[in-house]
1. At 7 Å along Cα-to-Cβ for each site, give me the label-to-label distance between residue 208 and residue 170 in nm.
2. Tell me, 50, 174, 350 in order of fewest to most beta-carbon neighbours within 10 Å?
3. Return the FRET efficiency for the residue pair residue 88, residue 20: r is the Cβ-Cβ distance, R0 is 25 Å, and the value is rounded to the nearest 0.05.
4. Determine, for 13, 57, the number of other Cβ atoms within 10 Å of each Cβ, and report the residues in order from fewest to most.
5. Determine the gain in length on full extension of the stretch residue 157-residue 336; use 0.36 nm per residue of separation and subtract their C-alpha separation, reporting nm with one decimal.
6. How far apart, in nanometres, would the label points at residue 265 and residue 62 be if each is projected 7 angstrom from Cα along the Cα-to-Cβ direction?
7. Could you sort 158-168, 106-116 so that the peptide with the highest average Cβ count within 10 Å comes first and the rest follow in order?
8. If I model a spin label as a point 7 Å beyond the Cα along the Cα-Cβ vector, how far apart are those points for residue 71 and residue 42 in nm?
Amino acid sequence: MPERASARRSSRSFAAFDWLSVLVAVLQPDGSVQYANAALEQMLGVSRRTLVGSDFSQYFTDPSLIQSAVAGTHSHDFAAVRFEAVLRRLHQDGIPVHVNLGVGELREHLVVELWPLEQQVRQDREERLLEQSQAHKELIRNLAHEIKNPLGGIRGAAQLLELELQSPELAEYTDVIVHEADRLQTLVDRLLAPHRHPHEVGDVNIHEVCERVRSLVLVEHPLGLKVLRDYDTSIPEFRGDRAQLIQAVLNIVQNAAQALAPRMAQGDACITLRTRVARQVTFGRQRYKLALELHVIDNGPGVPDAILDRIFYPLVSGREGGSGLGLTLAQTFVQQHHGLVECESVPGRTDFRILLPLP
């Protein structure tokens, strides 16, 4: 009994590791597991109760690597060690995971940290996307203000000039100037839209958002398009700006619908709205116990490879005549909710995934 109570106290002292996205195991000197954090549980598909007391090396394709690292660190042959290894997932269809692994001492225990290489690449991509998004927002906002100021003067001067012209043919040129100035004004207003309106926070039901978007898109495209629902109705309400989220989802769905124009003509265009709950996920540099996943999946031609990495950049569009602002604004509105929009695309299947933290 005293040993069990001591183990419980020891486990509580490592509970902070559950907040980390990195996989962490705390080992006894003999290599058995004293504590495993939630991220490691999820990756292995094995409960903490099963992990505790087991030989940690059995979860690797080459157990001798971790055995040597543990023995060397414990005997002080080296203070810490890092190397690559392959982690076995006993209950995840046996698919191995390549990881960077580090072993170090923590009082009488050894701490093993594992960084899945795929996860590391994904986190690097997310951080790069966030940094680029912030830089682009500042650039666009500054440029928009610089463009907006002279536009009014150009438009006013063209209208005054039109009053002085006697020839109707020459007046056509001033009409062009006024029309193009108005078009630029509309573009600038769209660029500045996310920064003009205050964040109106209230309770949001994501399925009400989806249903609103679905009805709008089907009114716009009544023939040849199906919008399927695949909802997890257990998802709770959360705090957010309902109008912004409707606009974000609508922009993504409309983008999908426009890409599906050829398939609409054939009558087999399809968009699926899918909601799921994700547990213990990391995005936007934060770890969340629960998050909402909203997928917008279409069976269109896919995003061109040339722009796939830049699809959320301002003024980047794969469609002739597109403004290149719809997805940029969607990403901005979702980021204002501490979320992220990702895209995976191959011909025949494009999946935009919106991630939002849940309470």
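Read the figures in this text as sums done on the coordinates, not as results from a lab. As the structure is a prediction and not an experimental result, all values here were calculated from the model. Every residue, glycine among them, receives a Cβ derived from its backbone with ideal geometry; neighbour counts consider all protein chains shown.
1. Placing both labels 7 Å along Cα→Cβ, they lie 5.9 nm apart.
2. Working: 50 14, 174 19, 350 23.
Ordered by Cβ neighbours within 10 Å, fewest first: 50, 174, 350.
3. Details: r = 21 Å, r/R0 = 0.86.
Calculated transfer efficiency: 0.70.
4. Numbers: 13 14, 57 18.
Final ranking by Cβ density, sparse to dense: 13, 57.
5. Details: separation 179, 0.36 × 179 = 64.44 nm, distance 3.88 nm.
Result: 60.6 nm gained on full extension.
6. In this crude spin-label approximation the distance works out to 5.6 nm.
7. Details: 158-168: 11.1, 106-116: 17.5.
Highest to lowest by the protection proxy: 106-116, 158-168.
8. 3.5
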